[in-house]
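Only one structure is covered here, and it is reproduced in the block below.
The values are calculated or read from the model by the stated rules, or taken from the named source; none is laboratory data. Computed from a predicted model, the values in this text were never measured in an experiment. Methodologically, a virtual Cβ is constructed for each residue, glycine included, from the backbone with ideal geometry; neighbour enumeration extends over all protein chains shown. Calculation scope for accessible area: heavy atoms of the full protein, side chains included, ligands and nucleic acids excluded. Shrake-Rupley method; radii C 1.70, N 1.55, O 1.52, S 1.80 Å.
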Amino acid sequence: MPKLKTKSGVKKRFKMTATGKLKAGVAGKRHRLISHNGKYIRQNRGTKVMSEADAKIIRNWLPYGL
């Protein structure tokens, strides 16, 4: 059988935690930040762990993990 390819966009955007969960950067932090309040900007700093429903879809694009 041929090897399966990893989705190239996924390997750029997601990382695995030590327990196997997926983490990603938070959306809505690129531009138009003046219209968001400070609490929104602070809380969306860094990365977030993906929900299990989303992670299930993303794992289909990672045949061998990250």
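With K and R counted +1 and D and E -1, the other residues having a Cβ less than 12 Å from that of R45 yield a net charge of +4. Normalising by residue count, the chain has a Cα convex hull of 102 Å³ per residue.
Rounded to the nearest 500, the 222 nm mean residue ellipticity of the chain from helices alone is -8000 deg cm²/dmol, with -39,500 (n - 2.57) taken per DSSP H run of at least 4 residues. Here the chain exposes an accessible surface that is 56 percent carbon and sulfur, computed with a 1.4 Å probe and the other protein chains kept in place.
The lysines whose alpha-carbon is closer than 19 Å to the alpha-carbon of K15, local same-chain residues fewer than 8 away aside, are K5, K7, K23, K29, K48, K56. Per residue, the solvent-accessible area of the chain (1.4 Å probe, heavy atoms of protein chains only, all protein chains present) comes to 87 Å².
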